[in-house]
Amino acid sequence: MENCLFCKIIAGSIPSSKVWEDEICYAFRDIAPQAPTHVLVVPKAHIESCNGITAANSAVVAHIFEVIPQIAKAEGLEGGYRVVSNCGADAGQTVHHLHFHILGGKTLALEMA
Ligand code: 5GP
Ligand code: ZN
């Protein structure tokens with residue numbers, strides 16, 4: 001997808017700090033971490049947001065949720081972690097390529113909104 005920041009990161013044309021890669025997804029450290037551990041997990045296929053998840057591509061999302069605990073374990077998040085996906089303007093989505101934030105490494109605030 002042209003002009004998509006995360007597609008460029010996946011392609012390697014914009015550098016990133018990779019923590020996981022397989023044929024379906026890519027994970028890298030957020031450039032502006034909101035917690036001691038802040039990793040973004042993205043499908044390699046361009047999906048705009050949660051709104052773009054369909055029966056045709058939801059296996060990719062299932063795979064990402066199988067990978068997330070493995071990343072959390074590798075990052076030492078035994079105490080727990082949060083998984084967040086911002087969808088659309090009201091949620092503050094700034095990059096329009098589906099991504100899941102993994103946040104951990106401290107006791108996170110409980111506020112969700
Ligand atoms: P959103 O606000 O769309 O849920 O999350 C986008 C995330 O991408 C933000 O947490 C932001 O810090 C991160 N981000 C934006 N540009 C870059 C970049 O060039 N590299 C990396 N590693 N993260 C980025
Ligand atoms: Zn993209």
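Coordinate-derived values only; no laboratory data. This one's a predicted model, so the numbers in the text were calculated from it and none came from an experiment. Note: ideal-geometry Cβ built from the backbone for every residue, glycine included; neighbour counts use all protein chains shown.
Worth a mention:
- From the Kirkwood radius over Cα pairs of the chain, Stokes-Einstein at 20 °C and 1.002 mPa s returns a whole-number translational diffusion coefficient of 148 µm²/s.
- Ascending count of other beta-carbon atoms within 10 Å, so fewest first, for ILE14, ILE47: ILE14, ILE47
- Listed residue (ASN3, ASN51, ALA62) projecting farthest to the positive dipole end of the chain, Cβ model: ASN3
- Backbone HN-Hα couplings from phi across region 106-113 [Karplus 6.51/-1.76/1.60, Hz, Gly and Pro as x]: 7, 6, 7, 4, 7, 4, 10, 8
- Region 89-101 - phi-based ³J(HN,Hα) in whole Hz, Karplus 6.51/-1.76/1.60, Gly and Pro as x: 4, 5, 8, x, 5, 10, 10, 8, 9, 2, 8, 10, 7
- Principal semi-axes of the equivalent ellipsoid, √(5λ) from the alpha carbon gyration tensor of region 55-113, are 21, 18, 8 Å from largest down.
- Helix 58-74 axis versus longest C-alpha principal axis of the chain: approximately 30°, rounded to the nearest ten.
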